[in-house]
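The structure appears below as structure tokens.
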Amino acid sequence: MPVAGSKHTGKGRLSRRRFVKAALGCAAALASNAGALAAGEPTPANPNASENARKLLKFLHGLPQRAQKRIISGHLAGGAVGPEVPDKLSGWYRFKLDEIRYLHEVSGQWVGLIGADYCAGFYDFPNPLHSQMYYDEMNPALIEYWNAGGLVAITTHQFDPRELYRDGGQCFVKQLPKGTPALDIARLYTPGCEEYDNFRVIMDRWAEGLGELQRHGVVVIWRPFNEVTNSGKWWCRQPAEKFKALFRYTFLYLTLEKKLNNLLWVYDAVDKSRGHAFNLSHYPGDEFVDIVGVTMNWDSGEPAQPHHPYPKKVFACVEFNVPAAGRPWNGSERNYDYMKKFRWVIQHMPYATFFMSWDRIAGPYGRGTPESLRQMYNHPWVLNRGEVDWQSAKL
């Protein structure tokens, strides 16, 4: 693994010409996939997707047709905080199973989907490829959860690529030092730029972790650029065409050069001006996406879109939270009726295939009343670990 403070040689990479040729060669297969999508078939965006990935996508696609056991429960277990990072700096986000164990103790159920964050890019600390992208303890836990009958979803709060050889951090634009210009994301896919080289190092680190999961047969619901239109992170609210190009470039690099065939790719965006409705303004195209969704970081309210907003794709509630209550971040009063939020989903998003609740004080661990959690995780619609029978899908 290249470490911060050293230069990445790029040894063993495809040349730019070969990479472009491979991408063009993949275009025909992608176009074929688009035709299948038009016919309503759940074809993976990656033409070389593994058998497990294909089965899982088909399984998810069929869930809304079920009368019961049709939405998978999920919870984030934390981020890739390195052991050298003191708890007072970012220990609150360190990957651990404590919250998932608590939900099990309260409800009697293990969530069907475990979530992880492949970069905890919220803080400054030396060698961010290790201190903020530490997978040595996370990956074994994800593999174990998969082998026990659960699914795996990974997002990332990636530090600004310009910080690679410094101390990381600056995931959010507001964290940039005063006078620092916002990142031009076009430089991430433009050869000859420092940002281009740095982003490849970051993607290579992702690929090391994702590749280990692939070798163990784990399919990853992969969400590298979360909250595209509704957050303050460096990739959010960017010019639409630049973001689309970045998403496509990332897809092609991880798929073609790194040969990661165990990923199901997620695009999520909302339009706050339209009641948090699903937003296609930055959508990179059907050939690059498997799952679409919205972040539900609000209390239950008026329906955003009561009918599936994009039937070509599997839909999910990729974040399933309520407004945080209280400080500090390590605790709040558990006084929220989470069944209220879940009933809203049943009524207004019956096409959703899973929900991923966040950790700490914005999710069911920190906010939900024990009784509402027992009801939600034991609801007839909910699939928990051991019930997610994706292997039964026929290809």
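Would a scan of region 370-385 turn up a residue that is closer than 18 Å to GLY293 by Cβ, touching a residue at least 12 places away in the same chain (Cβ under 8 Å), assigned to a helix (DSSP H, G or I) and touching a strand residue (DSSP E or B) at 6+ places or on another chain (Cβ under 6 Å)?
So far as region 370-385 goes, no, none of its residues is closer than 18 Å to GLY293 by Cβ, touching a residue at least 12 places away in the same chain (Cβ under 8 Å), assigned to a helix (DSSP H, G or I) and touching a strand residue (DSSP E or B) at 6+ places or on another chain (Cβ under 6 Å).
Can you name the residue in region 240-276 that is modelled with pLDDT of 95 or more and part of a loop (DSSP other than H, G, I, E, B) and, of all such residues, is surrounded by the fewest Cβ atoms within 10 Å (Cβ to Cβ)?
For region 240-276, the residue satisfying everything is LYS259.
Every residue in region 150-182 that is small (Gly, Ala, Ser) and touching a strand residue (DSSP E or B) at 6+ places or on another chain (Cβ under 9 Å), please. Quick ask: steps written out before the conclusion?
Pass one, region 150-182, residues small (Gly, Ala, Ser): 150, 153, 168-169, 179, 182.
Answer for region 150-182, where residues must be small (Gly, Ala, Ser) and touching a strand residue (DSSP E or B) at 6+ places or on another chain (Cβ under 9 Å): GLY150, ALA153, GLY168.
Look at region 175-217 and say how many of its residues are modelled with pLDDT under 95 and of a type in the set (Ser, Thr, Tyr).
The qualifying residues number 1.
Just to be sure, is PRO309 within 26 Å of THR43 (Cβ to Cβ), assigned to a loop (DSSP other than H, G, I, E, B) and modelled with pLDDT under 90?
So PRO309 passes the test.
Please give the helices (runs of 4 or more DSSP H) falling wholly within region 40-113 in which 1 or more residues are touching a strand residue (DSSP E or B) at 6+ places or on another chain (Cβ under 8 Å), charged (D, E, K, R) and free of Cβ contacts under 8 Å to residues at least 40 places away in the same chain.
On the way: elements: 51-62, 87-90, 98-107.
By residue number, 87-90.
Of all residues in region 239-253, count the ones that are in contact with a helix residue (DSSP H, G or I) (Cβ under 7 Å, 6 or more places away or on another chain) and without any contact (Cβ under 8 Å) to a residue 24 or more places away in the chain.
Of the residues in region 239-253, 0 are in contact with a helix residue (DSSP H, G or I) (Cβ under 7 Å, 6 or more places away or on another chain) and without any contact (Cβ under 8 Å) to a residue 24 or more places away in the chain.
Out of the residues in region 219-239 that are over 13 Å from PHE172 (Cα atoms) and surrounded by fewer than 20 Cβ atoms within 10 Å (Cβ to Cβ), state the one that is modelled with the lowest pLDDT.
THR229
Exactly one condition in (1) at pLDDT below 95; (2) buried (at least 19 other Cβ atoms within 10 Å of the Cβ) is not met by TRP146; state its number.
(1)
Suppose we filter LEU183, LEU164, LEU210 for residues that are of a type outside the set (D, E, K, R), buried (at least 17 other Cβ atoms within 10 Å of the Cβ) and in contact with a helix residue (DSSP H, G or I) (Cβ under 6 Å, 6 or more places away or on another chain); which single one remains?
From the options LEU183, LEU164, LEU210, the qualifying one is LEU164.
The values are calculated or read from the model by the stated rules, or taken from the named source; none is laboratory data. What you are looking at is a predicted structure, and each value in this text was computed from that prediction instead of being measured. All Cβ positions, glycine included, derive from the backbone under ideal geometry; neighbour counts span all protein chains shown.
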